[in-house]
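The values are calculated or read from the model by the stated rules, or taken from the named source; none is laboratory data. Values in this document were obtained by computation on a predicted structure and should not be read as measured data. Heads up, the Cβs are rebuilt from the backbone with ideal geometry, glycines too, and the neighbour counts pull from every protein chain shown.
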Amino acid sequence: MVMTDKQLAERSITYRKKILKYIVGAKAGHTGGSLSCIDILNVLYNEVLNVGPQNFTSPNRDRYIQSKGHCVEALYVVLADKGFFPESDLETLCKYKSHYIGHPTKKVHGVEQNTGALGHGLPIAAGTALAAKMDKKNYRVFTLLGDGELPEGSNWEAALTAAHYKLDNLCAIIDNNKLQITGTNAEVCNTDPIDAKFESFGWAVRHVDGNDVNALKEVLNTVPFEKGKPSLVIAHTIKGKGVSFMENSVKWHHGVPDKHQYETAIAELDMEMANV
Amino acid sequence: MGAVIENNTINGKPNQDVFSAALLELAEKDRNIVVVTSDSRGSGKLVAYGQKLPEQIVEIGIAEQNLVGVAAGLASAGKKTFAVSPACFLTARALEQIKNDVCYSDNPVRLIGISAGVSYGALGSTHHSLHDFAVLRAINNITIVAPADNFETTEAVKLAVKLDKPLYLRFGKKAMPLLTDDEHNGFEFGKGRVIKNGNDITIIATGETVYPALQGAEKLAQQGINATVVSMHTIKPLDAELILQLAKDTGAILTVEEHSVNGGLGEACASLLLQNNYNKPFKIMGIPDEYTVTGSQTEIFDHYGLSADGIAQAVLNLLQT
Ligand SMILES: Cc1ncc(C[n+]2csc(CCOP(=O)(O)OP(=O)(O)O)c2C)c(N)n1
């Protein structure tokens, strides 16, 4: 189904409401980071990736690997919407014996890799992209990283590998919401300038407003940015995006809204929906 | 032996909270104590420490290998260094730094594994540490300690400052009641604490499984089965003397741990016992070698029988063999 820009924007709001609903149901979840990256997932799964329940076993499908595994709620609501599993499954989120736990696992249809320990997505994505080159296949590999996760050395090791093997079928996206758990990235471990670092490693880099679905659609559909180079998208986002009292607040990294907060949040999102 | 404090009559705090409070107190007096964190001060309950002693905390960011390497460097230059990070990342990702930069090079880093075992519950296996005893037991020059209650945790922190050798301390985030109010039942690395005496069986448990083991023993006592319960807080060096004595004095041995059944406390005891011709009933309880069931820590404990009822039942089964 081809979506209009309006429908795509509305879809993000619907996803945000569902993220909150299931986090409240589970009494656990990574609220802030799920809300910051949901527009990226929306655009990837609805506008960019050649993957769905029908072709998930095809060796030619595009791959999406979520390195910032803690924001699994964002992934779950999108996978449910794409028909990988019934949305009602998410009512079991984090419950005894549920496959829908607080990080992605392959027990859930549509998930490519088990993640949750940070700094693993990019190396696996590089390996998967390398296999495509070896087999002369056309699939692409996308991976989503948190900005706080960049100090893990494995990311930089994989950045070398990706450039060395000219993996222009690999696209890494950084959810650059500028916050982690302890505080801002700048306070915890400054990684700026991210673009110059990756460029010096041999990557082609673009910046985008990571909460603007149209801008995301445009940039993600132009990868590879340069032939023979891996692509990096620095997506400038707002942690907690869409709920005023959650925006830009570390408190909401894994904060769970109480009943009143939940109702306020949903009311705000409904208001936003009316104004799309 | 002091009276065992009834379940729920004294609600302890999470060992993690007690650790950070004890460390803050010590660090206020000893300016050479330094804490190193990897975006982990919140989970390590070290926010207050960071506010009070900003000069004695080093934030590394999410980079556990770097955390341990930097800690080794600080320790080599005389800093009493505590590297604090979730047990899962600290002992898996930074294992080579632990092996080479801490243990082999003999830099006295105190490695603090927080939210250990299955404390993180439904966050899943990436966040569980069921391998840490096993891998660290195979590395020379490290003491491995899993305190059971708030008393053991406080004592362990004090001893950690003094030890000045590589040390791994791991605990969880669940509130842990006091095991005993016996003031003479002291705490020393390498010496198990006998919490309860009985001749029928010895239950050797560690960390957060000691309390359910004790509750299980109380249930068994009502059925006339008397168990000795040991808090074997130190996994390495193991208290061979105590274990071999109890092997003689009691009719069977059951070990209990929040760790894989492979390579942990149970296998350490098995190795010791077998090499000393033990031939009575013996069983290891822990997390089996399978895809770990999903759920909260309590649900996972219950599922694998690491509960009062489960442990009591395991004792009954073992005594029937
Ligand atoms: C290897 C590893 N270390 C630590 C953690 C614990 N952890 C989970 S999320 C997080 C902060 C992540 O910050 P960021 O990457 O900026 O994510 P976001 O703000 O988008 O949620 C930390 C430290 C982890 N999951 N993996």
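In this structure, is A:THR182 within 13 Å of the ligand (Cβ to nearest atom), of a type outside the set (Asp, Glu), at pLDDT 95 or above and more than 18 Å from the chain's Cα centre (by Cα)? Steps first, answer last, please.
Values: within 13 Å of the ligand (Cβ to nearest atom): yes; of a type outside the set (Asp, Glu): yes; at pLDDT 95 or above: yes; more than 18 Å from the chain's Cα centre (by Cα): yes.
Judged against the criteria, A:THR182 is a match.
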Every residue from segment B:20-68 that is under 18 Å from A:GLU149 (Cα atoms), more than 8 Å from chain A (Cβ to nearest Cβ) and more than 22 Å from the chain's Cα centre (by Cα): B:VAL58
Only listed residue being buried (at least 21 other Cβ atoms within 10 Å of the Cβ), outside the structural domain of B:ILE195 (by TED's automatic domain parsing) and modelled with pLDDT of 95 or more, chosen from B:VAL68, B:VAL47: B:VAL68
Filtered residue count, segment B:125-143, keeping only those that are surrounded by fewer than 24 Cβ atoms within 10 Å (Cβ to Cβ) and within 14 Å of chain A (Cβ to nearest Cβ): 4
Every pair of residues 6+ apart whose Cβ atoms lie under 8 Å, when the first sits in segment B:56-75 and is free of Cβ contacts under 8 Å to residues at least 60 places away in the same chain while the second is basic (Lys, Arg): B:GLN56/B:ARG31; B:ILE57/B:ARG41; B:GLU59/B:ARG41; B:GLU64/B:ARG93; B:GLN65/B:ARG93
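Being in contact with a strand residue (DSSP E or B) (Cβ under 7 Å, 6 or more places away or on another chain), touching a residue at least 60 places away in the same chain (Cβ under 8 Å) and not assigned by TED's automatic domain parsing to the domain that holds B:SER231 narrows it down to one of B:ALA146, B:ALA122, so name that one. Steps first, answer last, please.
Details: B:ALA122 fails: in contact with a strand residue (DSSP E or B) (Cβ under 7 Å, 6 or more places away or on another chain).
Going through B:ALA146, B:ALA122 in turn, just one is in contact with a strand residue (DSSP E or B) (Cβ under 7 Å, 6 or more places away or on another chain), touching a residue at least 60 places away in the same chain (Cβ under 8 Å) and not assigned by TED's automatic domain parsing to the domain that holds B:SER231: B:ALA146.
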Positions within segment A:140-174 being within 14 Å of another protein chain (Cβ to nearest Cβ), touching a Gly at 6+ places or on another chain (Cβ under 7 Å) and not in a loop (DSSP other than H, G, I, E, B), in sequence order: A:LEU145, A:GLY146, A:SER154, A:ASN155
Scope segment B:90-113; condition within 13 Å of chain A (Cβ to nearest Cβ), of a type in the set (A, V, I, L, M, F, W, C) and surrounded by 24 or more Cβ atoms within 10 Å (Cβ to Cβ); matching residues: B:LEU90, B:ALA94
Inter-residue pairs, beta-carbon under 6 Å, first away from every other protein chain (no Cβ under 11 Å) and in segment A:178-193, second among the polar types (S, T, N, Q) and crowded, with 17+ Cβ neighbours inside 10 Å, 6+ apart: A:LYS178/A:ASN185
Condition met for A:ASP81 (closer than 20 Å to A:LYS17 by Cβ, acidic (Asp, Glu), without any contact (Cβ under 8 Å) to a residue 40 or more places away in the chain and more than 16 Å from the ligand (Cβ to nearest atom)): no
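State the number of residues belonging to segment A:95-147 that are on the phi > 0 side of the Ramachandran plot and within 16 Å of the ligand (Cβ to nearest atom).
As a first pass, look at segment A:95-147 and keep what is on the phi > 0 side of the Ramachandran plot: A:97, A:110, A:116, A:119, A:136.
Adding the requirement that they be within 16 Å of the ligand (Cβ to nearest atom) leaves A:116, A:119.
Looking only at that region, the number is 2.
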Test result for B:THR154, surrounded by fewer than 24 Cβ atoms within 10 Å (Cβ to Cβ), touching a His at 6+ places or on another chain (Cβ under 6 Å) and either among the hydroxyl-bearing types (Ser, Thr, Tyr) or closer than 17 Å to B:MET232 by Cβ (or both): no
Odd one out for B:GLN16 among (1) away from chain A (no Cβ under 14 Å); (2) more than 20 Å from B:ALA87 (Cα to Cα): (2)
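Only one of these is more than 18 Å from the chain's Cα centre (by Cα), in a loop (DSSP other than H, G, I, E, B), away from chain A (no Cβ under 14 Å) and under 24 Å from B:HIS128 (Cα atoms): B:GLY295, B:GLY305, B:GLY263, B:GLY251. Name it. Can you show your working first?
Numbers: B:GLY295 fails: away from chain A (no Cβ under 14 Å); B:GLY263 fails: more than 18 Å from the chain's Cα centre (by Cα); B:GLY251 fails: under 24 Å from B:HIS128 (Cα atoms).
Just a single option satisfies the conditions, and that option is B:GLY305.
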Which listed residue is aromatic (Phe, Trp, Tyr) and more than 24 Å from A:VAL2 (Cα to Cα), from A:TYR96, A:TYR45, A:TYR64: A:TYR96
